[in-house]
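The values are calculated or read from the model by the stated rules, or taken from the named source; none is laboratory data. Predicted model only: the values in this text are computed from it and were never measured. All Cβ positions, glycine included, derive from the backbone under ideal geometry; neighbour counts span all protein chains shown.
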Amino acid sequence: MTAVPRLAFSHMGIFVTDPARMEDFYTRVLGFTVTDPGTLEKMRETAGGKVYLIFLSRNPTEHHQVVLASGRPTVGGFNPINQISFCEEGLAALREMHARVVKENVKELYAISHGNALSVYFHDPEGNRLEIFMDTPWYVRQPLRAPLDLSLGDAGLWAKVEAQASTMPGFKPVA
């Protein structure tokens, strides 16, 4: 393993109480564009029901820079940070980071394919969800969340990810 991971800050997710109002603010005032809206099954942090996600970006080469996620309670004591995301340079670096966090015995470690990205999620010592990810060469409408088996060899992993992603709505090369 390298001494210092080569991470680049990428995007963050924020739990919100009023998704429509927040979408209006981020698009109208800050100039973001909605890249995908969608619904995801209940997340651990939310009280119940489905979570509505709004993916926003100001950069056409980045699918999203901010994610607004419904489910923030109006009472205090809730962490509004949905996730803090860092981009890795490739699959080898993603595997290396996964091995690094396994050694730390982090909470809720899981690997996910989003079709357009491969991600490793875990919590920091104070319970904030972190995501380390790498982009894939495909666009897939979001949200998409499928288990990712990092024990597979590179060829097998890529074949499985592409086969799964190619069945999803909107699948096409990013280019």
Next item on the list: Can you confirm whether the stretch 152-165 contains a residue that is of a type outside the set (S, T, N, Q), surrounded by fewer than 12 Cβ atoms within 10 Å (Cβ to Cβ) and under 13 Å from Ala111 (Cβ atoms)?
Entry: no
Margin query: Considering only residues that are closer than 22 Å to Pro137 by Cβ, of a type in the set (A, V, I, L, M, F, W, C) and out of contact with any Leu (no Cβ under 6 Å at 6 or more places or on another chain), which ones fall in the stretch 95-117?
Written below: Met97, Ala117
Next item on the list: Inspect all residues belonging to the stretch 105-117 and state whether any of them is over 15 Å from the mean Cα position of the chain (by Cα), within 26 Å of Asp24 (Cα to Cα) and assigned to a loop (DSSP other than H, G, I, E, B).
Entry: no
Checklist line | Residue pairs meeting the criteria (Cβ under 8 Å; at least 6 apart or on separate chains; first more than 16 Å from Ser151 (Cβ to Cβ) and touching a residue at least 40 places away in the same chain (Cβ under 8 Å), in the stretch 87-104; second of a type in the set (Phe, Trp, Tyr) and outside any loop (DSSP other than H, G, I, E, B)) | finding: Cys87/Phe9; Cys87/Phe133; Glu88/Phe133
Note to self: So Leu130 ticks every box in (1) buried (at least 16 other Cβ atoms within 10 Å of the Cβ); (2) hydrophobic (A, V, I, L, M, F, W, C); (3) more than 21 Å from Pro80 (Cβ to Cβ) but one. Which box is left unticked?
What the structure shows: (3)
Notebook entry, point to check: For the stretch 83-115, how many residues are closer than 24 Å to Gln164 by Cα and out of contact with any Pro (no Cβ under 9 Å at 6 or more places or on another chain)?
Noted result: 12
Note to self: Is it the case, given these coordinates, that Val174 is touching a strand residue (DSSP E or B) at 6+ places or on another chain (Cβ under 6 Å) and either over 24 Å from Leu40 (Cα atoms) or aromatic (Phe, Trp, Tyr) (or both)?
What the structure shows: no
Item checked: Condition check for Val140: buried (at least 17 other Cβ atoms within 10 Å of the Cβ), in the same structural domain as Val101 (by TED's automatic domain parsing), among the aliphatic types (A, V, I, L, M) and under 21 Å from His64 (Cα atoms) -> yes
Note to self: Residue pairs, Cβ under 8 Å, 6 or more apart or interchain, first in the stretch 11-40 and in contact (Cβ under 8 Å) with a residue 60 or more places away in the chain and surrounded by 13 or more Cβ atoms within 10 Å (Cβ to Cβ), second among the β-branched types (Val, Ile, Thr) and in a loop (DSSP other than H, G, I, E, B). List them.
What the structure shows: Phe15/Thr46
Checklist line | Positions within the stretch 62-88 being of a type in the set (S, T, N, Q), modelled with pLDDT under 90 and not in a strand (DSSP E or B), in sequence order | finding: Thr74, Asn79
Note to self: Ile132 - would you say it is modelled with pLDDT of 95 or more, under 16 Å from the mean Cα position of the chain (by Cα) and within 25 Å of Pro169 (Cα to Cα)?
What the structure shows: no
Next item on the list: Read through the list (1) modelled with pLDDT of 90 or more; (2) assigned to a strand (DSSP E or B), then give the number of the only condition that Phe15 fails.
Entry: (1)
Margin query: more than 14 Å from the chain's Cα centre (by Cα) and outside the structural domain of Gly127 (by TED's automatic domain parsing): is that true of Leu30 in this structure?
Written below: yes
